[in-house]
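To start, the structure itself, in structure tokens.
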Amino acid sequence: MGDLALGKLYEYDYSNSFLKYYDSYGADYFLKNASATFAADDLTLGNFEGTLTDSNNKTGKTFNIKAPKEYASILTAGHVDVVGTGNNHIIDYGEQGSKDTWDALTEYGIPYAHNDKTVLYETSKGIKVGIVASNVLNPANNHFLLDGVKSLREQGAQIVIAMPHWGIERQYLANKNQTDLAHQLVDAGCDLVLGSHPHVLQTMEVYKGKMIAYSQGNFCFGANRNPKDKETMIYQQTFTFVDGVLQSGVNVHVIPYTLSSNLSTNDYCPKEAEGDQKTKIIDHLNSYSEGYSDFKLDNDGNFQM
């Protein structure tokens, strides 16, 4: 899934905030509509956008996101297995905020990928999946992803997933900086690229038989009380192994979602889209992806090649 901002902006008061919903409904509330899907798969990934800290020493940024460390229980309740913290909000409360966040994730049993800290996750079926994540809004960080792909291969990863934080906010089409790096990652041995930062769904592309989802949008997002664009998705991909060897081909299923179950506001509870809303999200993804490759979802959100 896309961005998980499990807290509130510094300037928000308590009223109608993510924190009030947590106090009212508990950790199980936020991902309740998706938790069965996440529990049934082999690996659930998300971009963790924000901090888990008691620090009030916010950095001089426009938007600062935080929540208490116990909010990591939202991830465990929702069956999220691994997160990336390679984004521009892990530093919202300085070094202390970053450390507190990583300590909280570790305490709650959630592995995290960040820059040169990669994750090698073994599924219940014995498949080793490597994950690398970095904020490449600064291109100087590109090497973390490229080196991470190589390192994970050397560690025995059978699938490698890169999670770049990139692009331009609220832009629906991937730009040249994104496509250039995505193609470099695939050329370096990456099997799947799952991007974040634009806060909306973006282009999807097949490049040399590998999938690139340039932005998965927001998923459960406490840092905006009422985003104008509430379209999001659960991106699913099935990888097939025969005698331990990854087979060629792409098998993708997209489940259209809205980031709120109430489209007039944000109730911080993503809900599967149905009917015309589902069709609209699929149509939008296909429209954003035109001209990049032969990627096109059918009416049920499936793509195979």
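The values are calculated or read from the model by the stated rules, or taken from the named source; none is laboratory data. It should be emphasised that the depicted structure is a prediction, and the values quoted were computed from it without experimental measurement. When we count neighbours, we look across all protein chains shown, and the Cβ atoms used for this are built from the backbone with ideal geometry, even at glycine. Ligands, DNA and RNA are stripped out before the accessible areas are found, and what is left, the full protein with its side chains, is counted by its heavy atoms. Shrake-Rupley method; radii C 1.70, N 1.55, O 1.52, S 1.80 Å.
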**OP:** Report the residues of the stretch 247-272 in range of a label on Asn16: point 7 Å along Cα→C-beta, backbone N strictly under 14 Å from it.
**Re:** 262-268
Subject >> Charge sum, other residues only, whose C-beta stays under 12 Å from Asn33's C-beta, Lys/Arg counted +1 and Asp/Glu -1 >> reply: -2
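Please say if the stretch 19-160 is rounded, prolate or oblate, where rounded means a/c under 1.5 for a ≥ b ≥ c the square roots of the C-alpha gyration tensor eigenvalues, and otherwise the choice is prolate for a/b larger than b/c and oblate otherwise? If you can, show how the numbers build up before the last one.
Numbers: a/c = 2.31, a/b = 1.14, b/c = 2.03.
Since a/c reaches 1.5 but b/c is at least a/b, the shape of the stretch 19-160 is classed as oblate.
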Subject >> Nearest-0.05 FRET efficiency for Glu274 and Ser151, computed from C-beta distance (R0 45 Å) >> reply: 0.60
Original post:
Which one of Gly217, Gln304, Pro256 has its Cα pushed farthest toward the positive end of the charge dipole of the chain, where Lys and Arg give +1 and Asp and Glu give -1 at the Cβ?
Top reply: Gly217
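Just to be sure I follow the definition: excluding the sites themselves, where is the longest run in the chain that has none of the GluC sites (Glu not before Pro) in a DSSP loop with at most 11 other Cβ atoms within 10 Å?
On the way: sites that count: Glu11, Glu169, Glu274, Glu290.
For GluC sites (Glu not before Pro) (loop position, at most 11 other Cβ atoms within 10 Å), the longest site-free span of the chain is 12-168.
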**OP:** With both partners inside the chain, how many of the DSSP beta bridges are antiparallel, as a percent to the nearest 5?
**Re:** 50 percent
**OP:** Calculate, in nm to one decimal, what Thr76 and Asp294 gain on full extension: separation in residues at 0.36 nm each, minus their alpha carbon distance.
**Re:** 74.8 nm
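Can you give the longest run of the chain that contains no trypsin sites (Lys or Arg not before Pro) sitting in a DSSP loop with at most 10 other Cβ atoms inside 10 Å?
Values: sites that count: Lys125, Lys208, Lys228.
Excluding the exposed sites themselves, the longest stretch runs over 1-124.
So what's the back-of-envelope 222 nm ellipticity for the chain, counting only DSSP H runs of four-plus at -39500 (n - 2.57) apiece and dividing by all residues, rounded to 500?
Working: 7 runs with 73 residues, N = 305.
About -7000 deg cm²/dmol.
Leaving out ligands, DNA and RNA, and with a 1.4 Å probe, what % of the accessible surface on the chain is carbon or sulfur? Mind showing how you got there, number by number?
Details: 5920 of 12980 Å².
Taking all protein chains in place, the chain shows 46 percent carbon and sulfur surface.
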Original post:
Say each of Asn88 and Gln184 gets a label point 7 Å from the Cα, pointing the same way as Cα to Cβ; how far apart are those two points in nm?
Top reply: 1.9 nm
Original post:
Which pairs in the list Lys69/Lys228; Lys208/Lys271; Lys66/Lys271; Lys8/Lys32; Lys69/Lys150 are over 25 Å apart, alpha-carbon to alpha-carbon?
Top reply: Lys69/Lys228; Lys208/Lys271; Lys69/Lys150
Original post:
Once label points are set 7 Å from the Cα along Cα→Cβ at both Asp23 and Val242, what is their separation, rounded to one decimal in nm?
Top reply: 5.8 nm
**OP:** Place a +1 charge on the Cβ of each Lys and Arg in the chain and a -1 charge on the Cβ of each Asp and Glu, then give the dipole magnitude about the Cα centre in debye, rounded to the nearest 20.
**Re:** 320 debye
